[in-house]
Structures are given as structure tokens and as C-alpha cells.
1. Which number in (1) in contact (Cβ under 8 Å) with a residue 40 or more places away in the chain; (2) within 14 Å of ligand 2 (Cβ to nearest atom); (3) surrounded by fewer than 19 Cβ atoms within 10 Å (Cβ to Cβ); (4) more than 14 Å from every other protein chain (Cβ to nearest Cβ) marks the one condition that B:D15 misses?
2. Scan (1) at the interface with another protein chain (Cβ under 9 Å from one of its Cβ atoms); (2) part of a helix (DSSP H, G or I) for the single condition C:G153 breaks and write down its number.
3. Quickly run through the stretch B:139-164 and pick out the residues that are crowded, with 18+ Cβ neighbours inside 10 Å and out of contact with any Ser or Thr (no Cβ under 9 Å at 6 or more places or on another chain).
4. Can you name the number of the only condition in (1) in a helix (DSSP H, G or I); (2) of a type outside the set (D, E); (3) out of contact with any Phe, Trp or Tyr (no Cβ under 7 Å at 6 or more places or on another chain) that A:S237 fails?
5. Mind checking which residues of the stretch A:257-272 are open to solvent by 30 Å² or more (accessible area, probe 1.4 Å) and in a helix (DSSP H, G or I)?
6. Only one of these conditions is not met by C:A173: (1) within 8 Å of another protein chain (Cβ to nearest Cβ); (2) of a type outside the set (D, E); (3) open to solvent by 10 Å² or more (accessible area, probe 1.4 Å); (4) free of Cβ contacts under 8 Å to residues at least 60 places away in the same chain. Which number is it?
7. It is to be established whether one or more residues within the stretch C:154-166 are in contact (Cβ under 8 Å) with a residue 12 or more places away in the chain and under 26 Å from A:F245 (Cβ atoms).
8. For the stretch C:71-92, does any single residue satisfy the condition of being loosely packed, with under 15 Cβ neighbours inside 10 Å and within 30 Å of A:A255 (Cβ to Cβ)?
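The values are calculated or read from the model by the stated rules, or taken from the named source; none is laboratory data. Remember, it's a predicted structure, so these values are computed and weren't measured experimentally. Neighbour counts run over all protein chains shown; Cβ positions are idealised from the backbone, glycine included. Calculation scope for accessible area: heavy atoms of the full protein, side chains included, ligands and nucleic acids excluded. Shrake-Rupley method; radii C 1.70, N 1.55, O 1.52, S 1.80 Å.
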Amino acid sequence: MSKSEPSAGYPETWERPSVFYNEYVKYVVYLAIILFVLWSAWAVRPSVERVMGGIDAASILLSTMFPPDLSPIALERTYGGMVESIAMAFVATAIGVVLSLPVAVMAAENLVPRPVYYVGRAIVSVSRALHELVLAIICVVAVGLGPLAGVIALVFATPGFFAKLLAEDLEDIDEGQVDAIRASGGNSLQVLLYGVAPQVIPRMVGLIIYRWDINIRASTIVGIVGAGGIGVTLLNSFERYEYDFALTIILAIIAVVMVGEIASAIARRRVQ
Amino acid sequence: MLEITDLEKVYSTGDEALKGVSMDVEGEEVVSIIGPSGAGKSTLIRCINRLTEPTAGSIVLDGEDVTTMSKSELRNARRDMGMIFQEFNLVERLTVMENVLSGRVGYISTMQALRRNFPEEDVQRAYEVLDRVGVGGMENKRADELSGGQRQRIGIARAVLQRPKILLVDEPTSALDPETSFAVMELLTEIAREEGIPVLINIHEVELALEYTDRIVGLADGEVVFKGTPDEFDQGARDTIYRAGESREDQSTPGEQVQKQQSASVDISDADRETSY
Amino acid sequence: MSVENQTEWRKHSPRYHIARWAAIVASIAVVVLSWRELNVTYEFLIFTPRNLADLFVRMTPPDWAYSIDILPPLIETVNIAILGTGLAVLIALPIAYMGAENTAPHPIAYAFGKFMIVATRSVNVIIWALFFVVIFGTGALAGVLAVAFRSIGFVSKLIAEGIEEIDTGQTEAIKAMGGSPMDVAIYGIVPQIKPTFVGVTTYRWDINVREATVIGLVGAGGIGVELNTSVDFLQWPRVLTILIAILGIVLVSEVVSAYLRKKVS
Ligand SMILES: Nc1ncnc2c1ncn2[C@@H]1O[C@H](COP(=O)(O)OP(=O)(O)O)[C@@H](O)[C@H]1O
Ligand SMILES: [Mg+2]
């Protein structure tokens, strides 16, 4: 194999193995994706007037927004709405978690019979798929405007997160400890309480705090469809073109969301 | 061939890794650099192709000084220096064939690199070299599917495909078990002989150096403390090299950190917890 | 069981026990106070289950004929998610580059990158939508921009983490063989961050399909517009049809994005 010798007998070409059938299929697939994206971009393309109008609107928006409205009355209304949002988050977390616990057990493959498992998974999927605001708009119709609708919406949204992740933890538990309780003649409930619960409680507390964090974010905006909290105030400020007040509210929301995130991170670290 | 004169390297941390090293490599010989860890072996090898910028001194390859080259001159010079790494440094998520062909990356255009479009003779030779290093038929496997020994064979194949004028090798066996180490050293030195090129190789284990190399350079604390053939390497030489370096022996060497385990894939369950709200 | 309790008891100090009880009592107190703060009329509460059941009865059966009419807004929803994600990725790439420790060109750029990541993530999609509706009027354009801006932080953060995980040994090898900076990018960097990139993009797209279902509530296009109208006109069977449709596209996009992520690992 010296430099001059030709490498006779070996293939002259090499093709990278592809997940596609062959290279042409690959390019057809890529082309199709590109065309699809271009087509959807074409569908939302703005007219020239719209862009020009947009520039005007944006400059008006920005100049009215700054500085934020820090008058006592604005601050008072922001404070009132925010307290309601935070209260909604606490209540919704408490109720949502209590109602999600049985769902979590149902959605854990190793703990329940098949049909029950499917029901559990279905509840989780539906709850996950529907955005809090979609749930909120329905709840407002059902129980009227106000924080109750928001709380119910957040409660409905809880299993999609809480039950799903708790079910995954339940599926990972150490079966040995469970069998020990079963062997000493415990019934299903005792198995859950003494064999399963001690193993997942720290993780569960972490998930509760995490859910509270999410609920804080959600409770600040469900008001947009009338379901209580600061969101109502925000929507009103936009409808009345009080963008400086809107900015105050948004800054308050960001502050609360960040404090919530930090508090939840600290609390979860403590628990673990 | 390769002539190093008064090479110095001071890292930005103030570490004086090389304190005036002079040595040369001629013809088709295999030269080993031995010394305790922290002696400056890796630094020396990496200065030669300027993966690490030397502070002072000259490195002349085939009559041209590497240290004063411009970026594009340096790229051309690097094509002539095959490098084999301690941690193999294969592109883990690419196939074996892509890794081997990447040895020719300095000779093709960006567009060709993008399309993995290498000349026929390169492809042909890649197949041949893969056979030669003993991993024939694995060209479509991904590098991260292979064992350490196999990866180092691919690393050698990649360097050979460059058709380099010299091989620079940094502790090729310290990530391998002893048995594989011997096989890889054997392969490496044989191939160099077949290709008719010299090798400059860092070795931590003295035994391997004695068995496989023509000439030994002993490095301690950034200075050359021994030069000679394996026959001339006696207990006295061993003591000078390793006693002088003892003080630094147990210091950690940033250059030798264990390769970070690749976990490029997204941790979806964590992302899941990313509040989408 | 008694054994279990004993180990528990040994593991934790009395101080730990007091702290735990204090935390539980404080949590309950906060929830009770919050509940009183909400001033929920108890009559409302009593009627809640009945109201929800009532609504459900009025919704069934869904209006199947209507499902043809909601196809265009459904497609628009998916399009908003795709374009919003695409735009977010375009904007996120330079931010990720600035916000990754190993590629940040300057400490100021790094700080800016980190700021953008936090700032865009903290503002909900619906608030972004309110802004863009004011600027560009109602329609899908506002929706695309809202979804895009909401996603920038998430996408940049995860891509920046991917960049931080790049193994320099692999890029160095390409350099050592005489590769140009372009070669290093193509051969050394792209293969390493491709899984992160595909994973983050498809995962965010999946989330965005869900987000795109609601921005219509403030007029920013997609199926939410339809939902809002149907609720306003009290067309309950239509509402149920829309909910089923949303469920459908969200589940499908979840499956598609999981499949794509698995393919590119
Ligand atoms: N990137 C770096 N930055 C700072 N100091 C370094 C770096 N790489 C190596 N050094 C220092 O240079 C000296 C020689 O290191 P190295 O060349 O890796 O030795 P060897 O390869 O012989 O073990 C050591 O003291 C080490 O701490
Ligand atoms: Mg070394």
C-alpha cells in the first residue's frame, strides 16, 4: 500500500446511509417541507399598508406606553388584581392537586388494571391538550365571570401536568417495598398508603410547588376571558388605549412570575 | 524534516509548560517523547501544528517555519501533519466513513464538504485504509457505536488518509486497555513505515516507547533532559526524567481532562417541565 | 409498617419535624386566606357542578357538519405554530450564540443574550398577542409574531445549552487536518448540535400548536377566533366540535414531534 499503488478493487463512491429511502426521496421531502412553509408564510403575508400602518401604530404604542403609569390609582388597581391572581393560584393548586392524586394513581401502569389505566391516561391527555384559556372561556360560560371560573379552569388543567409526572414517578417505584406490604396482608389502600406513598412524597411535594409556579403564571392571564385576576384589568387597559397602565400591569406580572419562579426553585431544592 | 528550536510556551495562567525545547525528527524514524504527566508533552505536540500557539522559538517543517505562517499558509501546512489524539476526537455522530474522509477536508471546497462529495480516489483509498487498520466493513457505523480500540483505528485511518508528511501522536493508548494499546502501537508504527513517513509520538508508558520507537526524547518540567536510542535508555535516564518531574506529577493537567461525555440530545423530560405557560 | 416509621423517625431530627409541620400548617393557612380573599358566593359554588353538567348536555352531540368549516382555521393554527417556531429559531440562533458561555463574543453580548432569554420567556403569549394585534391589526400575522416572540427565550436557552456542551476535541480534530472555519462548522459543530436543534425546534413547535389555539381569543388568528365566536353566539355543539378538533391537532402534533425527535438522536 505505498503511495503510488492504486487502490484497485475498492468502491469508488460512498453514499451516506439516510433515514430516507434514497437521496432523491430526501430532497423531495425537504422540498415539500420548504414549499409548505413558504405557502403558509404566503397565507399570513401582510399587505404593504398593514406594515406601514404597523410602524405608525407601533410608534404610537411605544410612546404612550412609556413611562408606565405609576399613579396611586393605577398601582392600587394593579395590586388588587394581582392579589386576586395569587389567591386564585393557591386555591387552584390545593384543589387541583387533591383531585389529581387519584388520576395519577389511575394513570400509573403498574398500580391499576388496564381499563382504569386507559381512563387515567385519557384524562391526562385531554387536560394537557386544552390550554388554560380554552378551559377558562368555557368555565366563564358555565359559572359566570369572576375568579371562580379561573380557579375551575386551573383545576381542570392540573392533571395534565401533575398527574402525568406523578404517574411517571409512581411507575418508577421500588416494587420490593410494595410487595412487602402486600405480603403482610394489606389491602389496596394500605398498599398505596404504606408501600407507595412514602417513596414518592418528596417528589410529589416538588411537583406541587412546580404546579403552583405554573398556576401563578396562568392566573395572571385567565382574566383576559373574564375568569378573574389581573388579566381583566390588563385587557381593559388595552381596550381603553391606556397603554401606560398596561405596561405597569405587565411589569407587575413579570415581577410576580419571576418571584414565583425563584421561590419555587428554592422551595423545591429545600424539599429534595 | 521537522526541526524545533528553543520552543517556549507560557500559558495565560502563567504556567511555563515549555522552557526552550530543541529537537528534530528525520527521515522515516519514530521518535517518542516520554515524561511524567504535566511535563509538557501535549503542549509540545500541539505547538507543532499550532493548536496551541507557541510563545517563542521556531518550528521548521520541510524548510518552512510554521510559527510565522499566516492563517491560510498554516491550513496548508496542517494538511501535511496528521494528528492522532488521546481521546480519538472523532466526530461522534458521523459515520466511520465520514470521519475517515474528513482527513481530506483541507482539499475540498465548502460545498463539497457540505455534500460529503469527495473525489473517487479518496473514497477508494478510504475503503482500503479502513481495511488496512482492521475495521473494514464498518464504514456505515456511527463513530459512537464503536469500542475505544476501534475508534483509535479510525483515528489512525483518518490521519493516514491525509497523506501527511509526518504523524503527530498524543498519547494514543492512554484511553485504551494494555492489550489494545500494544495492538494500536504496532499498527501505528507499521503503517508509518509502509507510508514512509516519520512519527512524533507522546507516550506515558516507557515500555511502549522502548519497544516501538527508534529514538527517545525525555521531557521533564518543560525541558529536554534525555535524548537517545532505546538501548541508551538506562536506569539513570529513567531517574532524571521521572524524578525531575515528580513535583508536578500529581498536579492536574487541564490538557488531559477526560473527554466530556456527549449528551447533545435534548433532555425532553426536563424540557417538559419547562413551563410552557 | 412500624419498621418504616422507625426509620423515618431516626432519619430526621425533631427540628426537621417541627419545620415540616410548620410548612404544612402555613400552606393550609395560606390556602384558606386565599379562598376568603376570592369572595366566592357560596350559592355559585353549590350550583357549579350542575352548571358544568348543564353546559355539557347543551354541547352534545357535537355539530359534525361544522367540522368542515373549521378546517381552514385549524390549518391556520398549525401554520401559525410552524411559522412562529421558525421565526423564533431564526431570532434565537444569534441570541443563543451570545448567551452560551463558550461562544459569547463579549461579556456585554453574553449579558444581553441572557437578558433576552429571560425577558421573552416571562411574557405570556397572550400578552404578546395583545401587542401585535394593536400594531398589525387582527389576523394570523399578529399570531405568528406573538408565538415567535414568546418562544425566543425557550429556544435560545436550550440551544445555548447545546452549544455549551460542544466537545472541542472534535472541532479541534477538523482544524488540525487543515479544515477552514467553514469546514469546522460543517464537520465538527453541526453534527454535534443537530440533535439539540431538532429536538428543541420540534418540541417547541408542539407547545406552540397548543399556544396557537388561544391567541385567537384576542383576535390573533387560528381556531381561537372560531371558538370565541361560537361561545359568543352560544352555539354549544359547535364549541364541542372545536374542542374535539383542538384535542385532535394537539395530540397529532405531540406524536409527530416525538417521532421526529426519536429519528434524530
Ligand atoms: N490549556 C492550558 N492552560 C493552562 N495551562 C496548561 C494548559 N494545558 C496545559 N497546561 C499546563 O502546562 C503544563 C504541561 O501540560 P501538558 O502539556 O498537558 O503536559 P503532559 O502532556 O506532559 O501531561 C502543565 O503544568 C499544565 O498544567
Ligand atoms: Mg498530555
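1. Going through (1) in contact (Cβ under 8 Å) with a residue 40 or more places away in the chain; (2) within 14 Å of ligand 2 (Cβ to nearest atom); (3) surrounded by fewer than 19 Cβ atoms within 10 Å (Cβ to Cβ); (4) more than 14 Å from every other protein chain (Cβ to nearest Cβ) one by one, B:D15 breaks only (1).
2. Unmet for C:G153, out of (1) at the interface with another protein chain (Cβ under 9 Å from one of its Cβ atoms); (2) part of a helix (DSSP H, G or I): (1).
3. B:L146, B:Q150, B:R151, B:R153, B:I154, B:G155, B:I156, B:A157, B:A159, B:V160, B:Q162, B:P164 - these are the residues of the stretch B:139-164 that are crowded, with 18+ Cβ neighbours inside 10 Å and out of contact with any Ser or Thr (no Cβ under 9 Å at 6 or more places or on another chain).
4. Going through the list (1) in a helix (DSSP H, G or I); (2) of a type outside the set (D, E); (3) out of contact with any Phe, Trp or Tyr (no Cβ under 7 Å at 6 or more places or on another chain), A:S237 breaks only (3).
5. Scanning the stretch A:257-272 gives A:M258, A:V259, A:E261, A:I262, A:A263, A:A265, A:I266, A:A267, A:R268, A:R269, A:R270, A:V271.
6. Tallying (1) within 8 Å of another protein chain (Cβ to nearest Cβ); (2) of a type outside the set (D, E); (3) open to solvent by 10 Å² or more (accessible area, probe 1.4 Å); (4) free of Cβ contacts under 8 Å to residues at least 60 places away in the same chain, C:A173 fails exactly one: (3).
7. No, that holds for no residue.
8. Yes: the stretch C:71-92 contains one or more residues that are loosely packed, with under 15 Cβ neighbours inside 10 Å and within 30 Å of A:A255 (Cβ to Cβ).
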